[in-house]
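Report on one structure; see the data block that follows.
The values are calculated or read from the model by the stated rules, or taken from the named source; none is laboratory data. In this text, all values refer to a predicted model and were calculated from it rather than measured experimentally. We place every Cβ from the backbone using ideal geometry, glycine too, and count neighbours over all the protein chains shown.
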Amino acid sequence: MKILNRIRVITGLIMTVMVLVSVPKIGAKQIFYNSLDSQKAVKDGGGIVHAGVFVEGAFDNGFYSEKAGEAVSFPTEGQLLLEAGSIALWVKVMIDIKKVPGESFIFMEYKRGSDAFFINHSHAWNAEGICWMIKHNGNWFANGNGKSCSQPLDWKKGETHFIVTTWGPQGMKLWIDGELEGHVKDHKTGPAKIDDDFWIGNIEIEKGSTLPSQWVQDELYIFDTQLEKAEVTDLMKSSLAVEPSVEHLALTWGTIKLKK
């Protein structure tokens, strides 16, 4: 019995070291994290599930809105900043991107009528890719400002991809799978106003949603500054290297993942 206990202790220490070795060196402060793998995880993180299901995602489970009006929301205060920041999450594609009908949102923060953050796919703006969009004081994209889009994406159903968007002094940046896909240098801020909640999925409370999300959203992070390329790469690799939980270690994944 003593030998078995020692083996368990040694195994636990080895697994802890493996997790710590995989922690990325990120200078930006992480101000929000949620695994999005269950209703309990969302609730424990202060969020609300407005209908929807949790299915296999990039890591363990993620949130999937099968029908219009299904989404997850979290309070914005203290977890999303106006001046600068970064949003990172994994998505699993649930339909060939060329067949997504109309408009589909991956992440949304919307102050109706004036200001917004979007990560979305829209046939009107980028029929075969995704866009990172910012509305500021009622203005969308004068002279190309406020919209940073990818090139056409040959994404097929069942694939998983890592998306990072940043805003701030370096302009709007859209990263996909560790590569810079879009960069608007002269839009150097977020929205002027911010709503009480931000949303995962395809929903606008005031307007009413018309389409399901078409993505499984997984492992959501928000930072207080703009991530650099090396930080984006480190975060992506850390997610690939280690499962989100290791035998319920004392330090949770959300704490240890970016612990310096």
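Would you pick out the residues in the stretch 86-103 that are within 28 Å of residue 227 (Cα to Cα) and over 12 Å from the mean Cα position of the chain (by Cα)?
Those that are within 28 Å of residue 227 (Cα to Cα) and over 12 Å from the mean Cα position of the chain (by Cα): 93, 94, 97, 103.
So, residue 69, is that one at pLDDT below 90 and part of a loop (DSSP other than H, G, I, E, B) or not? Walk me through how you get there before you give the answer.
Working: at pLDDT below 90: yes; part of a loop (DSSP other than H, G, I, E, B): yes.
It is true that residue 69 is at pLDDT below 90 and part of a loop (DSSP other than H, G, I, E, B).
In this structure, is residue 113 under 19 Å from residue 201 (Cα atoms), small (Gly, Ala, Ser) and outside any strand (DSSP E or B)? Steps first, please.
On the way: under 19 Å from residue 201 (Cα atoms): no; small (Gly, Ala, Ser): yes; outside any strand (DSSP E or B): yes.
Answer is no for this residue.
Those residues that are touching a residue at least 60 places away in the same chain (Cβ under 8 Å) and more than 20 Å from the chain's Cα centre (by Cα), I need them from the stretch 178-195; list them, please.
First pass over the stretch 178-195, keeping only residues touching a residue at least 60 places away in the same chain (Cβ under 8 Å): 189-195.
Passing the criteria: 192, 193.
Would you pick out the residues in the stretch 35-65 that are under 24 Å from residue 103 (Cβ atoms), at pLDDT below 95 and not hydrophobic (A, V, I, L, M, F, W, C)?
50, 52, 57, 64, 65
Assess whether residue 74 counts as being more than 28 Å from residue 171 (Cα to Cα) and assigned to a strand (DSSP E or B).
Criteria not met by residue 74.
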